[in-house]
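A short worksheet on the structure shown next.
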Amino acid sequence: MANTPMLPVLQDGSTTAASYPSHSTEADFVFGCLYLVCILFGVPGNILALRYFSSKRKDLATYLYMLISTNDILICAFVVMQVPVMFNDRSSSLYSGTYACVIWMNLYQLFTRMSIALTATLSVSRTRCLIWPLKTVHKKPIFIGLGCYAAFILLMTVIPCSLGVQYGTYDSSGAMCWLLPTDSDIGATWDYVDNIVDCCALAVPIIPITISCLISSYKMSFDSGEPVGDQGRGADIKRRATVTIIIFTAAYVFFNLPLFIYYIFWFITDVKNSYPEPYFSSAVMYNYA
(Lines give C-alpha, C1' and ligand atoms only; values in the text may rest on other atoms or scores of the structure.)
Protein backbone atom coordinates (compact mmCIF):
# COMPACT_ATOMS: atom_id res chain seq x y z
CA MET A 1 0.00 0.00 0.00
CA ALA A 2 1.05 3.60 -0.29
CA ASN A 3 1.37 4.01 3.46
CA THR A 4 2.10 0.62 4.97
CA PRO A 5 3.53 -2.50 3.32
CA MET A 6 0.54 -4.62 2.38
CA LEU A 7 2.39 -7.88 2.70
CA PRO A 8 0.37 -10.90 3.80
CA VAL A 9 1.08 -12.49 7.15
CA LEU A 10 1.91 -16.15 6.67
CA GLN A 11 0.27 -18.84 8.73
CA ASP A 12 3.21 -19.04 11.12
CA GLY A 13 2.50 -15.43 12.09
CA SER A 14 5.69 -13.99 10.65
CA THR A 15 5.60 -10.64 8.91
CA THR A 16 9.22 -10.17 7.92
CA ALA A 17 10.21 -9.95 4.28
CA ALA A 18 12.47 -12.95 4.75
CA SER A 19 9.37 -15.07 5.42
CA TYR A 20 8.09 -14.61 1.89
CA PRO A 21 9.18 -16.27 -1.32
CA SER A 22 12.26 -14.45 -2.63
CA HIS A 23 11.52 -12.25 -5.60
CA SER A 24 12.49 -13.55 -9.02
CA THR A 25 15.36 -11.76 -10.75
CA GLU A 26 13.92 -12.77 -14.12
CA ALA A 27 10.49 -11.41 -13.21
CA ASP A 28 12.07 -8.17 -12.00
CA PHE A 29 13.87 -7.85 -15.33
CA VAL A 30 10.56 -8.28 -17.16
CA PHE A 31 8.93 -5.66 -14.93
CA GLY A 32 11.83 -3.29 -15.58
CA CYS A 33 11.39 -3.76 -19.34
CA LEU A 34 7.64 -3.16 -19.01
CA TYR A 35 8.37 0.06 -17.13
CA LEU A 36 10.63 1.14 -19.98
CA VAL A 37 8.00 0.31 -22.60
CA CYS A 38 5.37 2.28 -20.66
CA ILE A 39 7.73 5.26 -20.45
CA LEU A 40 8.81 5.12 -24.10
CA PHE A 41 5.21 4.94 -25.33
CA GLY A 42 3.50 6.82 -22.52
CA VAL A 43 5.51 10.03 -22.55
CA PRO A 44 5.43 10.80 -26.32
CA GLY A 45 1.88 9.41 -26.62
CA ASN A 46 0.55 11.68 -23.88
CA ILE A 47 2.50 14.65 -25.24
CA LEU A 48 0.84 14.12 -28.63
CA ALA A 49 -2.56 13.77 -26.94
CA LEU A 50 -1.95 16.96 -24.98
CA ARG A 51 -1.06 18.88 -28.15
CA TYR A 52 -4.08 17.46 -29.96
CA PHE A 53 -6.60 18.40 -27.28
CA SER A 54 -4.97 21.81 -26.81
CA SER A 55 -6.06 22.68 -30.35
CA LYS A 56 -9.68 21.58 -29.87
CA ARG A 57 -12.72 23.43 -28.59
CA LYS A 58 -12.29 23.95 -24.86
CA ASP A 59 -15.25 22.15 -23.35
CA LEU A 60 -15.17 20.17 -20.09
CA ALA A 61 -14.16 16.87 -21.71
CA THR A 62 -11.27 18.54 -23.57
CA TYR A 63 -9.92 20.12 -20.38
CA LEU A 64 -10.19 16.79 -18.58
CA TYR A 65 -8.35 14.99 -21.39
CA MET A 66 -5.59 17.61 -21.17
CA LEU A 67 -5.33 17.15 -17.41
CA ILE A 68 -5.28 13.37 -17.75
CA SER A 69 -2.50 13.54 -20.36
CA THR A 70 -0.43 15.92 -18.21
CA ASN A 71 -0.97 13.78 -15.13
CA ASP A 72 0.06 10.61 -16.98
CA ILE A 73 3.24 12.30 -18.24
CA LEU A 74 4.13 13.07 -14.62
CA ILE A 75 3.41 9.46 -13.58
CA CYS A 76 5.72 8.22 -16.35
CA ALA A 77 8.41 10.62 -15.13
CA PHE A 78 8.20 9.20 -11.61
CA VAL A 79 8.19 5.61 -12.88
CA VAL A 80 11.65 6.28 -14.38
CA MET A 81 13.10 5.84 -10.89
CA GLN A 82 11.67 2.31 -10.72
CA VAL A 83 13.61 1.05 -13.75
CA PRO A 84 17.11 0.87 -12.16
CA VAL A 85 15.52 -0.62 -9.02
CA MET A 86 14.13 -3.58 -10.96
CA PHE A 87 17.40 -4.05 -12.87
CA ASN A 88 19.51 -3.87 -9.69
CA ASP A 89 18.03 -6.61 -7.50
CA ARG A 90 15.55 -4.14 -5.98
CA SER A 91 18.29 -2.11 -4.33
CA SER A 92 18.60 1.58 -5.08
CA SER A 93 20.63 4.58 -4.03
CA LEU A 94 17.96 6.85 -5.52
CA TYR A 95 15.78 6.30 -2.45
CA SER A 96 18.62 6.32 0.06
CA GLY A 97 17.60 9.63 1.65
CA THR A 98 14.54 9.95 3.87
CA TYR A 99 13.54 13.22 2.24
CA ALA A 100 13.85 11.70 -1.23
CA CYS A 101 11.50 8.90 -0.20
CA VAL A 102 8.96 11.28 1.34
CA ILE A 103 8.91 13.62 -1.66
CA TRP A 104 8.69 10.76 -4.18
CA MET A 105 5.92 9.00 -2.23
CA ASN A 106 3.87 12.16 -1.68
CA LEU A 107 3.92 13.20 -5.33
CA TYR A 108 3.56 9.71 -6.79
CA GLN A 109 0.58 9.04 -4.54
CA LEU A 110 -0.97 12.36 -5.58
CA PHE A 111 -0.59 11.72 -9.33
CA THR A 112 -1.90 8.13 -9.22
CA ARG A 113 -4.96 9.12 -7.16
CA MET A 114 -5.67 12.08 -9.43
CA SER A 115 -5.50 9.79 -12.47
CA ILE A 116 -8.44 7.81 -11.11
CA ALA A 117 -10.35 10.92 -10.00
CA LEU A 118 -9.97 12.58 -13.41
CA THR A 119 -11.13 9.44 -15.23
CA ALA A 120 -14.16 9.17 -12.93
CA THR A 121 -15.00 12.85 -13.52
CA LEU A 122 -14.72 12.43 -17.28
CA SER A 123 -16.95 9.35 -17.32
CA VAL A 124 -19.62 10.69 -14.95
CA SER A 125 -19.79 14.13 -16.60
CA ARG A 126 -20.33 12.63 -20.06
CA THR A 127 -23.04 10.32 -18.73
CA ARG A 128 -24.75 13.31 -17.11
CA CYS A 129 -24.79 15.07 -20.49
CA LEU A 130 -26.41 12.04 -22.10
CA ILE A 131 -29.10 11.76 -19.44
CA TRP A 132 -29.80 15.51 -19.15
CA PRO A 133 -28.63 16.97 -22.49
CA LEU A 134 -30.31 20.35 -21.93
CA LYS A 135 -28.66 21.03 -18.57
CA THR A 136 -25.45 23.05 -18.58
CA VAL A 137 -22.38 21.54 -16.99
CA HIS A 138 -20.47 24.24 -15.16
CA LYS A 139 -16.72 23.69 -15.35
CA LYS A 140 -15.65 25.92 -12.46
CA PRO A 141 -17.22 23.92 -9.58
CA ILE A 142 -15.80 20.69 -11.03
CA PHE A 143 -12.26 22.04 -11.24
CA ILE A 144 -12.53 23.59 -7.78
CA GLY A 145 -13.62 20.18 -6.48
CA LEU A 146 -10.71 18.44 -8.21
CA GLY A 147 -8.30 21.03 -6.81
CA CYS A 148 -9.64 20.54 -3.28
CA TYR A 149 -9.38 16.78 -3.69
CA ALA A 150 -5.75 17.07 -4.84
CA ALA A 151 -4.94 19.32 -1.87
CA PHE A 152 -6.62 16.84 0.49
CA ILE A 153 -4.64 13.87 -0.87
CA LEU A 154 -1.39 15.82 -0.61
CA LEU A 155 -2.09 17.09 2.90
CA MET A 156 -2.91 13.56 4.10
CA THR A 157 0.76 12.70 3.58
CA VAL A 158 2.47 16.08 4.05
CA ILE A 159 0.95 16.85 7.46
CA PRO A 160 1.93 13.59 9.24
CA CYS A 161 5.44 13.71 7.76
CA SER A 162 5.82 17.33 8.87
CA LEU A 163 4.62 16.51 12.39
CA GLY A 164 6.77 13.40 12.65
CA VAL A 165 3.78 11.04 12.75
CA GLN A 166 4.99 9.20 9.64
CA TYR A 167 8.39 8.73 8.06
CA GLY A 168 9.59 7.59 4.65
CA THR A 169 11.70 4.52 4.06
CA TYR A 170 12.62 2.32 1.13
CA ASP A 171 11.51 -1.30 1.33
CA SER A 172 13.02 -3.79 -1.10
CA SER A 173 10.12 -6.26 -0.75
CA GLY A 174 7.82 -3.73 -2.39
CA ALA A 175 10.57 -2.12 -4.50
CA MET A 176 9.38 1.36 -3.55
CA CYS A 177 9.15 3.86 -0.72
CA TRP A 178 6.63 3.47 2.08
CA LEU A 179 5.28 6.00 4.53
CA LEU A 180 5.33 4.20 7.87
CA PRO A 181 3.77 5.34 11.16
CA THR A 182 5.92 6.13 14.16
CA ASP A 183 5.64 3.95 17.24
CA SER A 184 2.91 6.00 18.92
CA ASP A 185 -0.85 6.00 19.37
CA ILE A 186 -1.18 9.06 17.13
CA GLY A 187 0.94 7.39 14.44
CA ALA A 188 -1.14 4.21 14.54
CA THR A 189 -4.44 6.13 14.46
CA TRP A 190 -3.35 8.35 11.59
CA ASP A 191 -2.08 5.36 9.66
CA TYR A 192 -5.42 3.58 10.09
CA VAL A 193 -7.39 6.60 8.85
CA ASP A 194 -4.91 7.19 6.04
CA ASN A 195 -5.24 3.57 4.90
CA ILE A 196 -9.03 3.88 4.78
CA VAL A 197 -8.81 7.11 2.75
CA ASP A 198 -6.23 5.56 0.43
CA CYS A 199 -8.37 2.48 -0.19
CA CYS A 200 -11.41 4.66 -0.94
CA ALA A 201 -9.37 6.75 -3.38
CA LEU A 202 -8.23 3.65 -5.28
CA ALA A 203 -11.12 1.18 -4.98
CA VAL A 204 -14.35 3.20 -4.74
CA PRO A 205 -14.06 5.17 -8.05
CA ILE A 206 -14.43 1.98 -10.07
CA ILE A 207 -18.12 1.93 -9.07
CA PRO A 208 -19.19 5.27 -10.64
CA ILE A 209 -16.79 4.74 -13.57
CA THR A 210 -18.30 1.34 -14.39
CA ILE A 211 -21.90 2.48 -13.86
CA SER A 212 -21.35 5.57 -16.03
CA CYS A 213 -19.73 3.49 -18.76
CA LEU A 214 -22.66 1.04 -18.78
CA ILE A 215 -25.28 3.82 -18.81
CA SER A 216 -23.49 5.63 -21.64
CA SER A 217 -23.24 2.43 -23.65
CA TYR A 218 -26.95 1.74 -23.10
CA LYS A 219 -27.96 5.26 -24.09
CA MET A 220 -25.83 5.12 -27.23
CA SER A 221 -27.21 1.72 -28.23
CA PHE A 222 -30.86 2.73 -27.92
CA ASP A 223 -30.65 6.33 -29.08
CA SER A 224 -32.85 6.21 -32.18
CA GLY A 225 -33.04 9.94 -32.81
CA GLU A 226 -31.62 11.04 -36.18
CA PRO A 227 -31.40 14.85 -36.31
CA VAL A 228 -30.77 16.43 -39.70
CA GLY A 229 -28.73 19.38 -40.97
CA ASP A 230 -26.41 21.28 -38.62
CA GLN A 231 -28.16 19.74 -35.64
CA GLY A 232 -27.43 16.31 -37.03
CA ARG A 233 -23.74 17.09 -37.55
CA GLY A 234 -23.48 18.44 -34.00
CA ALA A 235 -25.18 15.34 -32.62
CA ASP A 236 -22.82 13.12 -34.62
CA ILE A 237 -19.77 14.89 -33.17
CA LYS A 238 -21.13 14.48 -29.63
CA ARG A 239 -21.91 10.83 -30.34
CA ARG A 240 -18.37 10.14 -31.51
CA ALA A 241 -16.95 11.97 -28.49
CA THR A 242 -19.11 9.85 -26.21
CA VAL A 243 -17.97 6.64 -27.92
CA THR A 244 -14.35 7.73 -27.41
CA ILE A 245 -14.96 8.29 -23.69
CA ILE A 246 -16.75 4.93 -23.39
CA ILE A 247 -13.79 3.14 -24.98
CA PHE A 248 -11.35 5.10 -22.80
CA THR A 249 -13.14 4.37 -19.52
CA ALA A 250 -13.84 0.72 -20.40
CA ALA A 251 -10.15 0.16 -21.16
CA TYR A 252 -9.21 1.97 -17.97
CA VAL A 253 -11.45 -0.24 -15.85
CA PHE A 254 -10.27 -3.42 -17.58
CA PHE A 255 -6.55 -2.77 -17.16
CA ASN A 256 -6.88 -1.50 -13.59
CA LEU A 257 -9.30 -4.18 -12.41
CA PRO A 258 -6.62 -6.23 -10.55
CA LEU A 259 -5.62 -3.09 -8.63
CA PHE A 260 -9.21 -2.20 -7.79
CA ILE A 261 -9.97 -5.73 -6.59
CA TYR A 262 -6.87 -5.75 -4.41
CA TYR A 263 -7.75 -2.47 -2.73
CA ILE A 264 -11.32 -3.60 -2.15
CA PHE A 265 -9.89 -6.60 -0.27
CA TRP A 266 -7.60 -4.31 1.68
CA PHE A 267 -10.44 -1.88 2.44
CA ILE A 268 -12.57 -4.69 3.92
CA THR A 269 -9.60 -5.88 5.97
CA ASP A 270 -8.85 -2.38 7.21
CA VAL A 271 -12.46 -1.59 8.16
CA LYS A 272 -12.73 -4.84 10.10
CA ASN A 273 -9.32 -4.14 11.63
CA SER A 274 -8.67 -7.87 11.27
CA TYR A 275 -5.35 -7.91 9.41
CA PRO A 276 -4.26 -10.32 8.04
CA GLU A 277 -7.64 -12.08 7.91
CA PRO A 278 -9.58 -12.87 5.84
CA TYR A 279 -7.54 -12.24 2.67
CA PHE A 280 -3.89 -11.70 3.59
CA SER A 281 -2.72 -14.89 5.28
CA SER A 282 -1.14 -16.74 2.37
CA ALA A 283 1.81 -16.50 0.03
CA VAL A 284 -0.68 -16.47 -2.87
CA MET A 285 -1.85 -12.97 -1.91
CA TYR A 286 1.79 -11.91 -1.55
CA ASN A 287 2.44 -12.89 -5.17
CA TYR A 288 -0.84 -11.25 -6.28
CA ALA A 289 0.21 -8.05 -4.52
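Brief remarks follow.
- Gyration tensor over the Cα atoms of segment 153-208: the corresponding equivalent ellipsoid has semi-axes (square roots of 5 times the eigenvalues, largest first) of 21, 15, 10 Å.
- Dipole magnitude of segment 71-194 about its Cα centre (Cβ charges: Lys, Arg +1; Asp, Glu -1), debye to nearest 20: 940
- Solvent-accessible surface of protein heavy atoms, probed at 1.4 angstrom with all chains present, puts ILE268, ILE247 in the order ILE247, ILE268, largest first.
- For THR242, the accessible area of its heavy atoms, probed at 1.4 Å with every protein chain present, is near 0 square angstrom.
- Sequence-distant residues sharing a close amide H with MET176 (under 5 Å, placed H): ASP171
- Normalised radius of gyration (Cα atoms, divided by 2.2 N^0.38 Å) for segment 248-289: 1.34.
- Environment charge at VAL85 (Cβ cut-off 14 Å; Lys +1, Arg +1, Asp -1, Glu -1): -2
- Distance (nanometres) between label positions extended 7 Å along Cα→Cβ at SER274 and VAL37: 3.9
- Each of HIS138, HIS23 has its accessible area taken with a 1.4 Å probe; listed largest first, they run HIS138, HIS23.
- Phi-derived couplings, Karplus 6.51 cos²θ - 1.76 cosθ + 1.60 at θ = phi - 60°, listed residue by residue for segment 199-208: 4, 4, 5, 9, 9, 5, x, 5, 5, x Hz, with x used for Gly and Pro.
- Between segment 56-93 and segment 125-182, the Cα center-to-center distance that results, in Å: 15
- Count Lys and Arg as plus one, Asp and Glu as minus one, and take only other residues whose Cβ is under 13 Å from that of SER212; the net charge is then +3.
The values are calculated or read from the model by the stated rules, or taken from the named source; none is laboratory data. On a predicted model such as this, the values are computed, not experimentally measured, just so you know. Cβ sites come from the backbone with ideal geometry, for glycine too, and all protein chains shown count toward neighbours. The area values use the complete protein model at the heavy-atom level, side chains included, leaving out ligands, DNA and RNA. Shrake-Rupley method; radii C 1.70, N 1.55, O 1.52, S 1.80 Å.
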